[in-house]
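Contents: one structure, followed by commentary.
The values are calculated or read from the model by the stated rules, or taken from the named source; none is laboratory data. Everything numeric in this text was worked out from a predicted model, so none of it was measured. Glycine gets a Cβ as well: all are built from the backbone with ideal geometry, and neighbour counts include every protein chain shown. Just so you know, the surface numbers come from the protein's heavy atoms only, side chains and all, with ligands and any DNA or RNA stripped out. Shrake-Rupley method; radii C 1.70, N 1.55, O 1.52, S 1.80 Å.
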Amino acid sequence: MRRPFLLSLGALAFAMGCASAPAPLPPLTDRTGDGTRSSSSALESSNQAPGQPLMFQVKRYPDNSPYDLKSDRGQVVLLDVWATWCEPCKDALPMYAQLQKEYGSRGFKAYALNVDEDVRAIPPFLEEAKVELPILLDANALVSERLLKVRLMPTTFLIDRKGVIRHVHEGFAEEFLQKFQTEIEQLLAEPAS
């Protein structure tokens, strides 16, 4: 089931400029005025019930140790779904590392959830893009495809302290930075319980 997902993402990415030469501002799909898909429409297309905590378990890269999203309850989490063939991901992931440095001491964590079939493609990508984020492996794209219903690379989810998806951003543009900062600040200001 994974291959059709990756092929469809690859075709979509090619059509959207993700697999070709980097564009200054990658085009986005499903525009809702500000270029992002709202959390309500994201949840409608996912298997996640609105208001319910997101739950999944994957492996960490490179040691394959287990990671459970539930372990980050009480934190605000940025989860970015990416692939090594995605040109905009090279710009997005370092920005998320900067957000981690800026907000980490206040209860913020950022993770990069990779959907590549071959993990050998990850090290050269990380070195080239200068990525310093914890990498999670989405084996067979089960989380991305079945749970989150990702349609475009990268797709970024902001998850509140209770584990609920609150914001979804498809694609990437540097102008998103201010929006991310505003959303992160709002989520950090909310109580954990």
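Descriptive notes on the structure:
- Criterion violated by A83 - all others in (1) surrounded by 19 or more Cβ atoms within 10 Å (Cβ to Cβ); (2) out of contact with any helix residue (DSSP H, G or I) (no Cβ under 9 Å at 6 or more places or on another chain); (3) modelled with pLDDT of 95 or more satisfied: (2)
- Residue within the range 94-116 that is of a type in the set (D, E) and at pLDDT below 95 present: no
- Qualifying residue in the range 109-132 (condition: basic (K, R), within 13 Å of the chain's Cα centre (by Cα) and either part of a helix (DSSP H, G or I) or closer than 23 Å to K179 by Cα (or both)): yes
- Flag for K149 being among the basic types (K, R), in contact with a Ser or Thr (Cβ under 6 Å, 6 or more places away or on another chain) and at pLDDT 95 or above: yes
- Single residue of the range 106-125 satisfying the filter (open to solvent by less than 20 Å² (accessible area, probe 1.4 Å) and either out of contact with any Ser or Thr (no Cβ under 8 Å at 6 or more places or on another chain) or without any contact (Cβ under 8 Å) to a residue 12 or more places away in the chain (or both)) that is farthest from E190 (Cα to Cα): A112
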